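Visitor: Please read through the structure below; I'll follow up with questions.
The values are calculated or read from the model by the stated rules, or taken from the named source; none is laboratory data. What you are looking at is a predicted structure, and each value in this text was computed from that prediction instead of being measured. Glycine gets a Cβ as well: all are built from the backbone with ideal geometry, and neighbour counts include every protein chain shown. Ligands, DNA and RNA are excluded from the accessible area calculation, which covers all protein heavy atoms including side chains. Shrake-Rupley method; radii C 1.70, N 1.55, O 1.52, S 1.80 Å.
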Amino acid sequence: MTQAASESIGGRIAQADQGALEEAYRAYGPSVRAYLRRFVHPGEVDDVLQIVFLEVWRSRSRIDPARPFEAWLFGIARKRAIDALRRSSHDVVPVESVRELVGPDGEDFAERVAWSAELHAGLARLSTEQKETLELSYFAGLTQSEIADRTGVPIGTVKARMARGMHRLTAMMARQGAPL
Amino acid sequence: MTEHDDLDHEVPDLVGLLTGEVSRTEALALTDHLEACRSCTRELIDLLVAHAALRSSNRVSQDLAAQPVRSAAPENSMVQPTSESVVIDQEGQEQLPPLRQPVDSTVQPLGQLERDLETPWRRSRSWRWVAAAVLAVLIVGGAATVLAVHRAPVAPLQPRVASAALYPITAPPNASGSVAVSAEGSTRSLHVDAQHLPEPAAQGFYEVWLLDPTTNKMLPMGVLSPSGRGEYGVSANIMSGYSAVDISLQANDGNPAHSRTSVLRANL
């Protein structure tokens with residue numbers, strides 16, 4: 001996602017555009033849900049997910065379009081996950097969950113998830129071939145030769161698709177020094 | 001090797017270098033080349049950001065897919081929800097529950113809707129005065145029979161004040177259904193029609209709850225019939241404090257608390 005588009009989502013939400021909120025929900029909802037699922041009881045995940053986006057809407061006046069919307073979104077998700085963890089105090093709460101959620105480790109993890117969400121939004125803007133090639137390489141662990149066999153294209157094409165796709169991703173990120 | 005800036009040569013396999021798909025000899029040769037070639041160095045720097053993002057994202061995905069570190073499920077859970085309960089659509093994307101409309105949207109929340117329906121006269125005091133004036137004229141005119149004929153009946157409250165689809169939480173993806181709230185005076189009736197819920201274990205049953213997702217406050221409405229359908233009555237005042245309906249899988253162990261195993265939910 002380009003900076004302009006990302007800013008547009010944050011900026012449009014700040015201007016009370018519900019369409020932008022729904023756009024953000026479609027783009028980032030799965031990532032936020034995956035993040036919450038790591039910490040929140042399954043029966044509460046979708047409720048906390050709704051609460052996160054409700055808070056995005058209610059706090060829209062605090063959106064700074066110059067800063068990454070994704071990082072702000074996952075900051076809210078982290079806080080609401082902590083709330084959910086506190087409510088679960090009568091259950092056994094593994095110490096890892098506290099470490100991964102609260103304090104510097106928790107902030108770092110949330111930032112990494114936010115960066116990942118930005119990357120996936122960027123991947124969605126690549127051509128189908130570039131996206132598929134990069135996903136097969138980095139997420140499925142295939143070599144360039146294996147990708148060539150899998151997709152039925154010459155290995156030179158695989159290399160070119162990867163390089164072009166990575167250049168585009170870098171450009172999306174570097175253009176603003178922050179979000180995709 | 002002289003330093004050069006023009007890309008007057010074939011671009012070496014920098015992606016292969018990053019993904020570890022070049023031989024040792026090729027890697028050393030590339031290193032020598034990069035020391036002298038600014039174009040390729042810039043090219044590599046360009047690729048590095050995307051490479052780091054892709055690697056980081058892959059690691060995050062693995063972390064998120066690993067065993068959740070959330071609080072342990074209660075011992076009496078009969079269903080251990082897992083990622084298998086995630087609904088995937090035909091394009092392989094995870095289906096999200098519908099986004100709940102913000103309170104200040106054009107879609108009115110149930111509480112506000114109910115208040116409007118309950119107090120139609122309060123919304124327009126002028127209309128009440130007009131009606132009183134008309135009534136007075138009619139009485140003064142001795143038109144009692146006309147009044148009897150033309151007196152408009154009190155408009156009944158809209159019978160259905162809210163409805164929503166049930167979506168699976170830990171139930172199988174094909175489980176679904178609907179809930180509807182109807183009004184009769186200050187009484188609200190919650191109609192539940194759940195479909196494709198698996199038959200619970202011998203000592204299990206499904207229970208219907210009202211839920212306030214913001215505070216997690218819950219109010220038990222009653223056992224769901226094995227048919228999946230049920231109707232439950234509650235006062236309008238109490239109903240206005242809840243905005244979701246939850247169906248849980250309970251153990252017949254005498255514990256009246258929610259089992260924390262939600263199978264279906266609807267956001268009113």
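Visitor: Per-residue mean of other chain beta-carbon atoms within 10 angstrom of the beta-carbon, peptide B:256-268?
Guide: If you average over the peptide's residues, the count of other-chain Cβ atoms is 2.
Visitor: So what's the gap between the Cα centers of region A:112-150 and region B:216-268, to the nearest angstrom?
Guide: Between the Cα centres of region A:112-150 and region B:216-268 lies a distance of 43 Å.
Visitor: Let me ask something else about it. With label points built 7 Å along Cα→Cβ from the Cα atoms of B:ASN252 and B:THR41, find their separation and express it in nm.
Guide: 7.8 nm
Visitor: Going by average Cβ neighbours within 10 Å, how do the peptides A:36-44, B:227-235, A:23-31 rank, with the highest at the top?
Guide: Highest-to-lowest ranking by the protection proxy: A:36-44, A:23-31, B:227-235.
Visitor: Per-residue mean of other chain beta-carbon atoms within 10 angstrom of the beta-carbon, peptide A:154-163?
Guide: What the average comes to for A:154-163 is 3.
Visitor: OK, next. Assuming R0 = 35 Å, can you tell me the calculated FRET efficiency for the pair B:ARG59 and B:HIS9, based on Cβ-Cβ distance, to the nearest 0.05?
Guide: 0.50
Visitor: Suppose all protein chains stay in the model; what accessible area per residue would a 1.4 Å probe give for region B:169-213, in Å²?
Guide: Here the per-residue accessible area is 41 Å².
Visitor: Interface B/A, total buried accessible area with a 1.4 Å probe, nearest 100 Å²?
Guide: The buried area between B and A, both sides summed, comes to about 5200 Å².
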